[in-house]
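Below: one structure, written as structure tokens.
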Amino acid sequence: MFSPIISQVKETDLDGCHNVESACYTSDGASREKIANRIRLFPEGFFTAKFEGKIIGIINSASTNMDDISDEELKDMVGHDKNGRNIVVFSLAVLPEFQGKGVSKLLMSRFIEASKTLKKKKILLICKTNLIDYYKKYGFLYNGKSDSTHGGFEWHEMFWPIS
Ligand SMILES: CC(C)(COP(=O)(O)OP(=O)(O)OC[C@H]1O[C@@H](n2cnc3c(N)ncnc32)[C@H](O)[C@@H]1OP(=O)(O)O)[C@@H](O)C(=O)NCCC(=O)NCCS
């Protein structure tokens, strides 16, 4: 039976997380060092999906008081404030061979629960045009085109008002 386990990230998960990131993103993917920073500085906002001991999906984030998240530095955790009012999703990724099985849904549900527990006001993210409807399915609202040109792509701002 396919039943992945969702857990908060651990330092020893670095290689597995970087493997998922590299398999799912191209020029917009985070380096091993960026992933390591996210694990070290904000494990409360970083979850893995594991199946048979292997990391098959990840979601990670930073927290900030800013509403404008086009700033590239935040991806390096510069300006991250774990007590910030908002939480910003960077990567939501599932290994291609495990896509379409509900893994990202499990990761996002856990992430939303954690964001509520951490008393965040809004979940913010930027996504490519083809994923606007995907995030709307979770209840995210569209906030217009982003100024970000990260990885050479066009991005859109989405947000989920928690309170
Ligand atoms: C986008 C991604 C995370 C989805 O993961 P997944 O585990 O395959 O998604 P799920 O199986 O949990 O699907 C959840 C729902 O979203 C829908 N969905 C999945 N991928 C979608 C897509 N590309 N566009 C629109 N809807 C999509 C599914 O049909 C499902 O809908 P349902 O609940 O009505 O059945 C995955 O395709 C991925 O890793 N892509 C590469 C990295 C990426 O682009 N991440 C997004 C960062 S902006």
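Rule-based calculations on the coordinates, nothing more; no lab input. Just so we're clear, the structure is a prediction, and the values are computed from it rather than from any experiment. So basically every Cβ, Gly included, is an ideal-geometry build from the backbone, and we count neighbours across all protein chains shown.
If we count every other residue with Cβ under 15 angstrom of Ser109's Cβ, Lys/Arg +1 and Asp/Glu -1, where does the sum land? Show your work: numbers first, answer last.
On the way: positive: Lys101, Lys105, Arg110, Lys116, Lys137; negative: Glu113.
The answer is +4.
How far, in nm, would the chain grow between Tyr25 and Glu11 when pulled straight, counting 0.36 nm per residue and subtracting the alpha carbon separation?
On the way: separation 14, 0.36 × 14 = 5.04 nm, distance 2.16 nm.
So the chain would gain 2.9 nm between Tyr25 and Glu11.
In degrees from 0 to 90, rounded to the nearest 10, what is the angle of the helix 32-41 Cα long axis to the longest principal axis of the chain?
With rounding to tens, the tilt is 80 degrees.
What does the charge count around Ile126 come to, taking other residues whose C-beta lies under 14 Å from its C-beta (Lys +1, Arg +1, Asp -1, Glu -1)? Working shown, then result.
Values: positive: Lys75, Lys122, Lys128, Lys145; negative: Asp28, Asp67, Asp68, Asp71, Glu72, Asp147, Glu154, Glu157.
Once all neighbours under 14 Å are counted, the net charge is -4.
How high is the relative contact order of segment 41-160, in percent, counting Cα pairs under 8 Å that sit 6 or more residues apart?
This gives 23 percent for segment 41-160.
How far is the Cα center of segment 22-54 from the Cα center of segment 96-128, in Å?
13 Å
Need one word for the chain: rounded, prolate or oblate. Basis is the Cα gyration tensor (sqrt eigenvalues a ≥ b ≥ c); a/c below 1.5 gives rounded, then a/b vs b/c decides. If you can, show how the numbers build up before the last one.
On the way: a/c = 1.31, a/b = 1.26, b/c = 1.03.
The shape class here is rounded.
Can you tell me the dipole magnitude for the chain around its Cα centre, using point charges on the Cβ only (Lys, Arg +1; Asp, Glu -1), in Debye to the nearest 20? Don't skip to the answer; put the middle values down first.
Numbers: 22 positive and 21 negative charges, 146 e Å.
For this selection, approximately 700 debye.
Using 0.36 nm per residue of separation minus the Cα-Cα distance, give me the extension gain between Glu73 and Glu33 in nm, one decimal. Intermediate values should be presented prior to the final figure.
On the way: separation 40, 0.36 × 40 = 14.40 nm, distance 1.35 nm.
Result for the pair: 13.1 nm of gain on full extension.
Give the cross-link partners of Lys119 among the lysines, using a straight C-alpha distance below 30 Å as the criterion and excluding same-chain residues fewer than 8 apart.
List returned: Lys10, Lys34, Lys50, Lys75, Lys82, Lys101, Lys105, Lys128, Lys136, Lys137, Lys145.
By the scheme Lys and Arg +1, Asp and Glu -1, what is the net charge of all other residues having a beta-carbon under 14 Å from that of Pro96?
Details: positive: Lys54, Lys101; negative: Glu21, Glu97.
Neighbour charge sum, excluding Pro96 itself: 0.
Using just the helices of the chain, give the 222 nm mean residue ellipticity in deg cm²/dmol: DSSP H runs with n ≥ 4 each add -39,500 (n - 2.57), and the total is spread over all residues, rounded to 500.
On the way: 4 runs with 43 residues, N = 163.
Helix-only estimate at 222 nm: -8000 deg cm²/dmol.
Quick one: angle between helix 103-117 and the longest Cα principal axis of the chain, in degrees between 0 and 90, rounded to 10, please.
Result, in degrees: 50.
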